[in-house]
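Below is one structure, written out as structure tokens, with a few remarks after it.
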Amino acid sequence: MRMSEQRRTTIKDVAEAADVGVATVSRVLSGTGSASPATRERVLAAAARLDYRPSALGRNLRRRRTGGIGLLIPDITDSFYARLADGVLACAQSAGEPVMIGTTGDDPEREAELIGSLIEESVERVIAVPSGDGEMWGPAFRAGLGVVFAERPVRGREDVPAVVTDDRSGVRTAVEYLAALGHRRVAFLARHGQEQRVRAFREAMGALGLPVDEELIVRARATRDSAYAAAAGLLHHRSDLTAVLAGGNLLGEAAVLAARELDVRVPRDVSLIMFDDVPWAELCWPPLTVIAQPAQDMGYRAAELVLRQGRRTRGVVLPTELIVRGSCGPRR
């Protein structure tokens, strides 16, 4: 594709010129959300100076769309999201629809920027593993895009169909299994944004009469460094815990690495269960007990839903499965 002689000004350029975030620019230009008068004036001045006017956004929203599916996921190198993307691509290919993939890094600012880019590219439909709140998606809805969320819904946007797994059942089954092995001091390693799984953990522990120690619920950002720091801090400072439930494969990987570094034996010292059945889970030693999620089916179902836009669609809840391997043992 031949590039134009002059690069088109983007929403990110406006954000940098106004010294604000992309989400703030999106709110000001779309006329939604809150922004102080001074911030609004600074954004509009930067947009005018760079020849990026609010009316240009309006023209993009009104013009005829050319089709295609935008897919926004946190990390294409993550095995879970790679399989989810594979499911989307398989369904889209059978329907003859092209797919544009963007990675957000679980960063709401990056997500807002990509949403703006998809609108500018006249994409008709979007499947997203969301990192921002419902307000972030306002421009997409006003543009008339069909939107389906995958893996996690967005609070406040229950009207948007989502394809998710049954987190409550998955967490409950895992906690019941650990309780049957005699574990009472169970920790939960969560990624920011996994509040539904955290609530399910609290509910499952309470239903079994097990104590919920809030200090054993540890959150990490969606990076390997943050996940490792959270896991290492937990295992180093809380020698009283006997089991860990990791909310995703990145956190499970961090827990395995931290346990090796700290000479914490799995499962003799600490039992470990992880969300996501990724290939390395069965190959590491001991093989990890996991809560398996049908990632590829999730992507395929999300693509089916978004291709049926215009009809009344409902979300889909997919089952999870506890696969018992060697990383859990009786409390000693």
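Here, each number is a calculation from the coordinates, and none is a lab measurement. Note that the structure is a prediction, hence the values are computed from the model and not measured. Here the Cβ positions follow ideal geometry from the backbone for every residue, glycine too, while neighbour counts run over all protein chains shown.
Taking amide H as placed 1.01 Å from N in the peptide plane, the amide H of Phe188 sits under 5 Å from that of Ile217, Val218, Leu245, each at least 5 places away or on another chain. Where only DSSP H runs of four or more residues are counted, the chain gives -13500 deg cm²/dmol as its mean residue ellipticity at 222 nm, each run worth -39500 (n - 2.57). Here r is the Cβ-Cβ distance between Val198 and Arg308 and R0 is 22 Å; the resulting FRET efficiency, rounded to 0.05, is 0.10.
Considering only alpha-carbon pairs that sit under 8 angstrom and 6 or more positions apart, the relative contact order computed for the chain is 17 percent.
Compared with the dominant principal axis of the Cα atoms in the chain, helix 295-307 is inclined by about 30°. Of Arg168, Arg197, the sequence from fewest to most neighbouring Cβ atoms within 10 angstrom is Arg168, Arg197. Compared with the dominant principal axis of the Cα atoms in the chain, helix 167-180 is inclined by about 10°. Amide H contacts of Ile101 (H built 1.01 Å from N, in plane; Pro and chain starts excluded): Leu71 sit under 5 Å, all sequence-distant by 5 or more or on other chains. Mind checking the angle between helix 79-94 and the chain's longest principal axis? C-alpha axes, 0 to 90 degrees, to the nearest 10. The angle comes out at about 50 degrees. Ranking of Met100, Met274, Met298 by neighbouring Cβ atoms within 10 Å, starting from the fewest: Met100, Met298, Met274. Each Lys and Arg adds +1 at its Cβ and each Asp and Glu adds -1 at its Cβ; summed about the Cα centre, the chain shows a dipole of about 800 debye. Computed about its Cα centre, the charge dipole of the range 164-208 is approximately 160 debye, with only Lys, Arg, Asp and Glu carrying charge at their Cβ.
When only alpha carbons are used to place a centre, the range 231-265 and the range 150-201 end up 18 Å from one another. Annotation: the antiparallel percentage among DSSP beta bridges lying fully within the chain is about 10. Sorting Glu253, Glu109, Glu121, Glu214 by the number of Cβ atoms found within 10 Å of their own Cβ, with the fewest placed first, yields Glu214, Glu121, Glu109, Glu253. Positive-end ranking of Tyr81, Thr9, Val129 along the dipole of the chain, with charges on Cβ about the Cα centre, is headed by Thr9. Dividing the mean sequence gap of close Cα pairs (under 8 Å, 6+ apart) by how many residues the range 60-154 holds gives a relative contact order of 36 percent.
Residue-wise HN-Hα couplings along the range 251-259, as the Karplus relation 6.51 cos²θ - 1.76 cosθ + 1.60 with θ = phi - 60° gives them from phi, are 6, x, 4, 5, 5, 5, 5, 5, 4 Hz; Gly and Pro carry x.
Given their separation in residues at 0.36 nm each and the Cα-Cα distance between them, Glu261 and Asp86 gain 59.6 nm when the chain is fully extended. Out of the range 116-187, which chymotrypsin sites (Phe, Trp or Tyr not before Pro) are coil in DSSP terms and have no more than 11 other C-beta atoms within 10 Å? Here no chymotrypsin sites (Phe, Trp or Tyr not before Pro) fit, given the DSSP loop and packing criteria.
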